[in-house]
Amino acid sequence: MRVGVVAVVLGAAAIALSGGPVFAALCVWLNPDRDIRTFFPGANSYRTEPRAPSREQVAVIERRIGARLDPDETEFRFYRVQRARQTVGTVLTHQARGRFGAVQVVVAIGNDRRVIGVTVQRHREPTNLNAASFLQQFRGKQADDPIAIGTDIQPIRGHDQSSHAVAFSVKKILVIHDVLGR
């Protein structure tokens, strides 16, 4: 059994090294305690709700984001943040492709369906993607907003591709939340 798993992993690595298609991997929420304290003061727990979109929902999401979902995006994890047994918001994560590798984005969404905050939990880009001046632009955004570099979001100077990866992740997460989050 282990040999088969290794072969699959090596096969994916070989495709990536050969210049073949490379897809974003699922993104695990690495720092829930810190992020809950930051975005939802007073909240103390969360529960995970897996959501798998129907074909119709996938078509709606893809139309609204103007791109196809990655092949591994068949289920999304909604982290429902709780304060005194009441849901105060939701966290979703997404892993995008930056210029220098994976960019893992965490988006906190309020019950009003607007962004409370964004953080980049991991990346290899040569700039600080967690610059407050950049991430604060996402606050209050909702799924119907453009959320596009050069439209309503200004990039980090000299790092358009990295900035685009974050902006696309936020847009994608908001649309997924809008379509599946009810």
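Taken together, the values in this text are just the output of simple stated rules run on the coordinates, not laboratory data. Quick caveat, the model's predicted, so the values are computed rather than measured. All Cβ positions, glycine included, derive from the backbone under ideal geometry; neighbour counts span all protein chains shown.
Farthest towards the positive end of the charge dipole of segment 49-102, among the residues 74, 101, 89, is the Cα of 89, using unit charges on the Cβ of Lys, Arg, Asp and Glu.
Using the Cα centre as the reference, give the magnitude of the dipole from point charges on the C-beta atoms of the chain (Lys, Arg: +1; Asp, Glu: -1; all else neutral), rounded to the nearest 20 debye. Please list the in-between numbers first.
Values: 25 positive and 16 negative charges, 75 e Å.
About 360 debye.
Ordering 158-170, 109-121, 33-45 by mean Cβ neighbour count within 10 Å, with the highest value first, yields 158-170, 109-121, 33-45. Of all beta bridges that DSSP places with both ends in the chain, some 95 percent have antiparallel geometry. Suppose every K and R has +1 on its Cβ and every D and E has -1 on its Cβ; what is the size of the dipole of segment 76-182 about the Cα centre, in Debye to the nearest 20? Roughly 420 debye for segment 76-182. Proximity of backbone amide H atoms, modeled 1.01 Å from N, is registered between residue 98 and 103 at under 5 Å, excluding neighbours fewer than 5 places apart on the same chain.
For residue 131, the amide hydrogen comes within under 5 Å of no other amide hydrogen, counting only partners 5 or more places away or on other chains and with H modelled in the peptide plane.
Could you tell me how many cubic angstrom of Cα convex hull volume the chain has per residue?
Details: hull volume 25.6 nm³, N = 182.
Per residue, the Cα convex hull of the chain comes to 141 Å³.
In this calculation the C-beta distance from residue 161 to residue 128 is compared with R0 = 22 Å, giving a FRET efficiency of 0.90.
Using the Cβ-Cβ distance between residue 148 and residue 49 with R0 set to 22 Å, the FRET efficiency works out to roughly 0.15.
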